[in-house]
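Take a look at the structure below.
No value in this document is a laboratory result; all are computed from the given coordinates. Everything numeric in this text was worked out from a predicted model, so none of it was measured. Reconstructed Cβ throughout: ideal geometry from the backbone, glycine too, with neighbour counts over all protein chains shown.
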Amino acid sequence: MTKCQRLLTSGNYFERFSGDFFEATRLVTLRDKRYNVPRFPPPLAGSECFRRITSEGVIFCSPAEMEVLYRVIYDEPTKKRVAAFFDSQNLFKSVKKLWGYSHPNFNPIELSKHLVSKHTHLGWVLTGIRIYTGIHSPKINPAWHNFWVRKLAAHSNQDSRVRTFTRPLQYSDGVPREKGVDVRIALDLVRMARLNEYDVALLFSRDNDFAEVADEIRDIASERRQWLKIVTAFPCDAAPKMPRGIRKTDWIRIQKSEYDACIDASDYRI
């Protein structure tokens, strides 16, 4: 059995894991209410499922059953507003490690539109694109400073849904380090959830510090009886040990062909 991953659901929790699936009851207690969950074919041994340990024993649910539970507990909107959040430096580091690109050549608008278009059957509608990054000092590294200034300005002009947020990079022994960007993303994820400004948060990052934000968003959903989902998108190849997304979130793996189709036609280094 692999390391368990907690999935909060209405104040109670299930654990997501890959392992053998055992026959178990389909009658689940949540928030002191009992919900009859439609029966689904049990997943094969070794496939992903969910479990919850209770005083009455262990309850197992397939991913499909968890989706049904979530819809029963909360009113799932037909139209789901999707807000995309780009942890730009984290996304670039993943892309560089996997595919060797030398600079942040992704077009966040096209990436957001592409992934949302793959989920239109679920009612996804792109309503916002927020781009976050650390930025070099113009005195220390004018080339990369100008790159980000031009890139962010271009995207803001291309689509009215784009909002950009920057923080100056901090230097230690000449090495630049990003400070405050993750905190800004986390605050916006939570703030916008509380203000009911999105239904789906689409986060482009693999930074597991955001797993705690996922817990907070589920608490907000539970408190307000509000349908909310947090999804992380990240580059992936066909290697035997594929990259993993942020814990406690849904995952969307971006294949190289998809990424390449969303490469920015402009080179802001020039």
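Sorting TYR101, TYR171, TYR198, TYR132 from the fewest to the most surrounding beta carbons within 10 angstrom yields TYR171, TYR101, TYR198, TYR132.
For ARG194 and GLN158, FRET efficiency with R0 = 25 Å and r from the beta-carbon atoms, rounded to 0.05? Don't skip to the end; give the middle numbers.
On the way: r = 29 Å, r/R0 = 1.17.
Rounded to the nearest 0.05, the efficiency is 0.30.
For segment 122-135, backbone phi angles converted through the Karplus equation (6.51, -1.76, 1.60; θ = phi - 60°) give residue-by-residue couplings of 9, x, 5, 9, 6, 10, x, 9, 10, 10, 10, 6, x, 9 Hz, Gly and Pro being listed as x. Summary of the geometry: segment 82-108 and segment 171-197, compared by the centres of their Cα atoms, lie 16 Å apart.
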